[in-house]
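Structure first, then comments.
The values are calculated or read from the model by the stated rules, or taken from the named source; none is laboratory data. Note that the coordinates shown come from a computational prediction; the quantities given were computed from them, not determined experimentally. Cβ placement follows ideal geometry from the backbone for every residue including glycine, while neighbour counts extend to all protein chains displayed.
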Amino acid sequence: MIGARVGNWYVEEEIGRGALGVVYRARGYDDPDRRAAVKVFTEVRDPAAVQRLAAELLPVQRLDHANIVKTFDSGTHGGLPFVASELVTGTDFAKLLEGGRRPWREVLAVAVQVARALKHAHNRNVLHRDLKPAHLMLTADGTLKVLAFGVAKVFPPPATHHPAIGSAAYQPPEAASGKSLTRRSDLYSLGGVLYTLVTGRPPFAAGSVVELMHKQCYTLPERPAMIVPDLPPELDEFVCTLLDKNPARRPGTAAAVIEELERLRGKLERKGEQVAWPAKLTPDTAEAPALSALMGGAGEGPGREPEPRPLLKRPVVVIPLFVLVLSGLVLPFVWPTPSADELYTAAQPLLASENPDDWDAAFEKYLDPLARKYPDRYKGEIEAARQRARDRRELRRAVADGAKADPHTDAERGYLLGLRLAQAGDAEGARRTWTAVVRVRAGRVGEAVGGPRERRAGGARPPGAPSGARPDRPRAAP
């Protein structure tokens with residue numbers, strides 16, 4: 001391959017290998033001073049995938065962002081597909097992680113740059129589909145570059161190839177269940193990458209892709225703060241939110257992720273932490289051409305029929321819009337702003353509900369606005385409520401996971417009974433139940449849940465223990 005012409009490029013040397021092919025440094029056929037990284041997919045044997053390569057990568061070639069490696073062109077060489085992209089000099093984070101976990105301040109800088117790249121791509125209906133540390137490159141000047149946008153849609157990693165485990169470690173649960181991927185799927189993968197960077201290990205580990213995907217769907221990862229005690233709790237919560245198994249509970253857009261990161265940064269700086277923030281190298285205005293093209297706003301020219309008047313230049317549209325905008329400016333001064341006490345009181349019935357959606361609504365409608373408008377009021381109470389909601393949600397998950405199979409032992413049934421007592425608010429009953437489980441395990445059967453008179457022979461379950469649930473708690477992945 002060295003010295004061969006591949007498309008519009010002359011191959012000079014091999015610079016890397018992956019599960020699907022080989023990457024070469026190349027120079028332009030028409031412009032020898034132009035350089036590119038040409039990846040030849042030597043392991044792809046799917047003719048249909050080869051045929052749709054150009055069409056699938058066309059939207060990717062239109063991406064133009066400082067944090068995205070530019071895709072130049074694609075084609076076939078000797079029956080093998082190839083993709084030519086911007087040649088970037090630097091080190092990917094898979095190699096950087098060989099030296100151990102990354103400092104959390106660096107991880108924050110990585111997060112905001114990846115989120116900016118995803119925002120640019122998502123606004124143009126392009127998903128990455130395969131975010132992982134190996135696809136994040138840190139250049140010599142500290143700029144982060146996201147590699148391989150869209151390639152996984154055309155050439156998914158082979159499930160029988162062991163390196164595919166590296167990709168599966170960051171795939172969202174919906175990928176395992178065969179559901180369509182969305183923008184929130186990329187955000188889940190971002191959460192998995194950030195988890196790995198800040199802890200030094202992926203959220204889940206397994207010996208096969210099947211086992212790994214099962215854990216993605218049914219097992220809770222250990223919280224990053226349990227592995228890195230000095231990790232700011234705000235960053236710990238942010239990563240766990242991205243890794244929520246329910247897509248609806250993740251941030252809806254990359255723009256929302258950026259806003260949350262800005263908020264997190266401000267909170268840390270108010271605590272006295274110094275957080276270096278990467279400069280925005282691609283302004284948001286760079287998205288305007290793509291959006292205007294979608295609106296069909298072409299100018300008039302010679303020999304062409306005049307285009308219809310743009311929507312926002314029609315009086316029937318402009319006048320109502322003006323009224324709406326004016327109302328938005330005036331109403332905040334006319335409509336009374338609720339007090340801190342009113343907001344806090346209004347949240348209490350929702351917080352007392354058994355429905356997790358009500359807990360989210362309590363924060364969205366009342367407690368988050370309270371924290372923004374009155375930052376010095378109810379700070380401790382809001383944080384305590386947030387922690388209780390997290391604890392209750394994890395307890396619900398524990399009980400739900402425990403109800404998926406039959407318990408095998410009295411100890412398991414006793415543990416599940418204790419969980420349900422704790423969930424019902426009976427902390428003392430839960431403590432007595434778990435103490436009895438420990439005593440039974442130690443051989444003191446006579447001191448079981450109901451005392452000596454409740455001692456039973458064989459494998460009978462303790463009084464009140466459910467008959468059809470297994471107390472498998474969500475376990476932290478190894």
Do we find a residue being under 16 Å from residue 169 (Cα atoms), assigned to a loop (DSSP other than H, G, I, E, B), in the same structural domain as residue 149 (by TED's automatic domain parsing) and not acidic (Asp, Glu) anywhere in the stretch 248-260? no
Is the stretch 8-19 home to any residue that is surrounded by fewer than 17 Cβ atoms within 10 Å (Cβ to Cβ), more than 27 Å from the chain's Cα centre (by Cα) and in a loop (DSSP other than H, G, I, E, B)? no
Hey, does the stretch 29-41 have a residue that's in contact (Cβ under 8 Å) with a residue 12 or more places away in the chain, within 22 Å of residue 125 (Cα to Cα) and surrounded by fewer than 18 Cβ atoms within 10 Å (Cβ to Cβ)? no
Pairs under 6 Å by beta carbon, first residue in the same structural domain as residue 241 (by TED's automatic domain parsing) in the stretch 202-222, partner crowded, with 18+ Cβ neighbours inside 10 Å and hydroxyl-bearing (Ser, Thr, Tyr), six or more apart or different chains? 202/196; 203/195
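Listed here are the residues, each with its yes/no results for (1) closer than 22 Å to residue 131 by Cβ; (2) in contact (Cβ under 8 Å) with a residue 60 or more places away in the chain.
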residue: 45; (1), (2): no, no
residue: 49; (1), (2): yes, yes
residue: 56; (1), (2): yes, yes
residue: 61; (1), (2): yes, no
residue: 77; (1), (2): no, yes
residue: 80; (1), (2): no, no
residue: 86; (1), (2): yes, no
Here is a check on your reading of the model: is residue 69 more than 15 Å from residue 8 (Cα to Cα) and modelled with pLDDT of 95 or more? yes
With the condition kept exactly as written, say whether any residue in the stretch 203-211 is surrounded by 16 or more Cβ atoms within 10 Å (Cβ to Cβ) and under 19 Å from residue 110 (Cβ atoms). yes
Are any residues in the stretch 197-223 assigned to a helix (DSSP H, G or I) and more than 20 Å from residue 92 (Cβ to Cβ), and if so, which ones? 209, 210, 211, 212, 213, 214, 215, 216, 217, 218
Inside the stretch 223-238, can you point out the residues that are touching a Ser or Thr at 6+ places or on another chain (Cβ under 9 Å) and free of Cβ contacts under 8 Å to residues at least 60 places away in the same chain? 224, 227
With the requirement that a residue be surrounded by 15 or more Cβ atoms within 10 Å (Cβ to Cβ) and either more than 25 Å from residue 262 (Cβ to Cβ) or not assigned by TED's automatic domain parsing to the domain that holds residue 389 (or both), what does the stretch 336-355 give you? 338, 344, 346, 350, 351
Residue 136 under 21 Å from residue 37 (Cα atoms), modelled with pLDDT of 95 or more, over 17 Å from the mean Cα position of the chain (by Cα) and surrounded by 21 or more Cβ atoms within 10 Å (Cβ to Cβ): no
Wholly enclosed helices (runs of 4 or more DSSP H) of the stretch 27-141 bearing at least 1 residues under 24 Å from residue 3 (Cα atoms): 47-61
